[in-house]
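Down below is the structure, laid out as structure tokens.
Just so it is clear, none of the values below were taken in a lab; they were calculated from the coordinates. Keep in mind it's a predicted model, so treat the numbers as computed, not measured. Using ideal geometry, Cβ is built from the backbone for each residue, glycine included, and neighbour counts are taken over all protein chains shown.
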Amino acid sequence: MTVRPMREADASSVRTIYAEGIATGHATFQAEVPDWSTWNASHLASCRIVAEEAGAVLGWAALSPVSTRAVYAGVAEISIYIGEGARGRGVGGVLLEALQRSAETAGIWMLQAGIFPENEASIALHRKLGFRILGRRERIGKMGYGPLRDQWRDVALLEWRSPNVGNN
């Protein structure tokens, strides 16, 4: 398995893996995969990576700005999705570590993640790689699709602070 920067040619694989995450009901409030231009506009260009094996994308990770205000330029929100057939193989850990390094290179000192508490594997992965749980945002949004449609959902809020960037 190798990790490399995401390319526009990866759009189809990224969208397919995103759809697989949506189908779990425990990855996002978003009910549908956005078109590529919408996805592209909402993520930082400098921090997008994929894990691949034998030419197939196994998973992807990317960062989104949390605000347009200059003071928050070093803070980003993480998205990480692993293809259905690649889950449980360590792909998430490889991607998350690489994304942390990419964030530091881009001058980002803090990453945040919002994770449904039921997604225990994702929370465990983030904690293993230095994220800490800040708290739980109770009933933050109502699910708009799937078996949990119309149910209010909690989201655990996690953060990681770079030991190398933003400490001066």
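So here's what we get for this one:
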quantity	calculated
Cα-based shape type of the chain, given that a ≥ b ≥ c are square roots of the gyration tensor eigenvalues and the cut on a/c is 1.5	rounded
Computed [θ] at 222 nm, deg cm²/dmol, the chain (DSSP H ≥ 4; -39,500 (n - 2.57); rounded to nearest 500)	-8000 deg cm²/dmol
Projected label distance in nm at Glu97 and Ser42, using a 7 Å step from Cα toward the beta-carbon	3.0 nm
Spin-label model distance (nm) - Asp150 vs Tyr72, 7 Å beyond Cα toward Cβ	3.3 nm
The chain: DSSP helices with Cα axial extent of at least 27 Å and average Kyte-Doolittle hydropathy no lower than 1.0	none
Three-way shape call for region 23-66 based on the alpha-carbon gyration tensor, with the a/c threshold at 1.5	oblate
Where trypsin sites (Lys or Arg not before Pro) in DSSP loops with at most 13 other Cβ within 10 Å are excluded, longest remaining stretch of the chain	70-148
The chain: most fluctuating residue of Ser102, Ser79, Ser46 per GNM, C-alpha cutoff 10 Å	Ser46
Stretchable slack from Gln30 to Glu8, in nm (0.36 nm times residue separation minus alpha-carbon distance)	5.7 nm
